[in-house]
Every structure is written in structure tokens, then in C-alpha cells.
């Protein structure tokens, strides 16, 4: 099927129809209504996850220690995209003292090992987006991204369709990482 004429224009509004998604959205809406009024959050889902270890499976937390946690990104750039965060929320790397930074890096090393053993990627992008202007989605809680990469993983869908294809569910990916611990 040919693409609409304006689809080659960068930034063009092109719709990707996903009728199966409506069922998910309706179930989500129903769950929210049944849960009652919203509860106050911290403003950082990472801090909320840190404070709720009993919800680790639901929140796709793969591993935690006394300092921080490794979890799957809920909005991944690629399957297996991990986040590493300390339990204490601070906005910049240098807001943490040297021992805390060392603990953060130990968790990054652990996440790197898990990625390599579980998914055997050909490469890994490891990075920090510090501050909203740098792309931080949660600027008040510094975290590290680990994105597994393979040759050719930026394909037609991403380049032309401006759509990322994530072939595995977060639940299935979390199970793979937990099995590799």
C-alpha cells in the first residue's frame, strides 16, 4: 500500500491506525474509574516505584538494592531499554555525592551485564539526559538510559514512518531479564 503523498515530508501528520489499541485504552479508563480519585504522587514515577517495592513486578522493576533500581522503560526506544535510578531523587549528577555516584555506576554496570547476557545486543547506548532541555522526561530524578542496539535496528518504520516498532511486551521482556539475574 503506498504512503500518503505528504508522508515523505518530515514532521507530516500521518496516522497509524491501531484499532486493537482501543480495547487497551477502554480497559485502562475503566481501571482508573474503579480506583477512585487520583492519589497525590511525588511527580517522579521513579520515586513512586522506589517507594513501592511490593509493586516491582507490575512496574517492571528488574532488580533493586539498598541504593537504587534497574527497570524497563515503559516507553522504550528499543526492546530491553533499561533505566537505572537511585532511590533518592536529585536532578543532576553532581547533586549526588561521590559514594552515591559510585552506587549509580555499579547499578549501570549491573544493567549492562544483564543486557549483554539477556539480549546479546551488538551495542548499547548508555546515557543521561540531565534537565528538560536535554530531553529528560523526569528532570527532578536523574536516571541513566541503557538502550540495546543492533545493526539495522533503525529501519523503514522509524526512518520513514516516524514510528518505533517494539516487538515484545514489557511483561515478556521483564521475565527474560529476571530469568537472567
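The values are calculated or read from the model by the stated rules, or taken from the named source; none is laboratory data. Because the structure is a prediction, the values reported are computed rather than measured. Cβ coordinates were reconstructed from backbone atoms using ideal geometry, including for glycine residues, and neighbour counts include every protein chain displayed.
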- prompt: So which residues in the range 112-134 are closer than 21 Å to residue 87 by Cα and assigned to a loop (DSSP other than H, G, I, E, B), if there are any at all?
  reply: 129, 130, 131
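Residue-by-condition table, conditions (1) out of contact with any strand residue (DSSP E or B) (no Cβ under 8 Å at 6 or more places or on another chain); (2) farther than 20 Å from residue 168 by Cα:
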site	(1), (2)
53	no, yes
57	yes, no
69	no, yes
82	no, no
86	no, yes
98	yes, yes
111	no, no
125	no, no
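Filter the range 54-69 for residues that are without any contact (Cβ under 8 Å) to a residue 60 or more places away in the chain and closer than 19 Å to residue 103 by Cα; which is surrounded by the fewest Cβ atoms within 10 Å (Cβ to Cβ)? Please lay out each step first, then the result.
Taking the range 54-69 first, the residues without any contact (Cβ under 8 Å) to a residue 60 or more places away in the chain are 54-56, 58-59, 61, 64-69.
Restricting the remaining residues to those that are closer than 19 Å to residue 103 by Cα gives 61, 64-69.
Values: 61: 20, 64: 17, 65: 12, 66: 6, 67: 16, 68: 24, 69: 23.
Ranking the qualifying residues of the range 54-69, first place goes to 66.
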- request: Scan the range 89-110 residue by residue and report those that are touching a helix residue (DSSP H, G or I) at 6+ places or on another chain (Cβ under 9 Å) and either touching a residue at least 12 places away in the same chain (Cβ under 8 Å) or surrounded by 12 or more Cβ atoms within 10 Å (Cβ to Cβ) (or both).
  value: 89, 90, 93, 96, 101, 104
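Hey, can you tell me all the residues within the range 113-123 that are exposed (fewer than 14 other Cβ atoms within 10 Å of the Cβ) and either more than 25 Å from residue 175 (Cα to Cα) or touching a helix residue (DSSP H, G or I) at 6+ places or on another chain (Cβ under 8 Å) (or both)?
117
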message: Testing residue 66 on (1) at pLDDT below 95; (2) assigned to a loop (DSSP other than H, G, I, E, B), one condition comes back false. Which one is that?
response: (1)
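Looking at 143, 81 in this structure, which one is at pLDDT below 95, buried (at least 19 other Cβ atoms within 10 Å of the Cβ) and under 13 Å from the mean Cα position of the chain (by Cα)? Explain how you work it out, then say what you get.
Numbers: 143 fails: at pLDDT below 95.
Selected residue: 81, the only one of 143, 81 that is at pLDDT below 95, buried (at least 19 other Cβ atoms within 10 Å of the Cβ) and under 13 Å from the mean Cα position of the chain (by Cα).
For the range 33-45, check the following and say yes or no: at least one residue is in contact with a strand residue (DSSP E or B) (Cβ under 7 Å, 6 or more places away or on another chain), under 28 Å from residue 85 (Cα atoms) and modelled with pLDDT under 95. Write out each step before concluding.
Going residue by residue through the range 33-45, those that are in contact with a strand residue (DSSP E or B) (Cβ under 7 Å, 6 or more places away or on another chain) are none.
No.
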message: Within the range 53-60, does at least one residue satisfy the condition of being at pLDDT 85 or above and closer than 23 Å to residue 125 by Cα?
response: yes
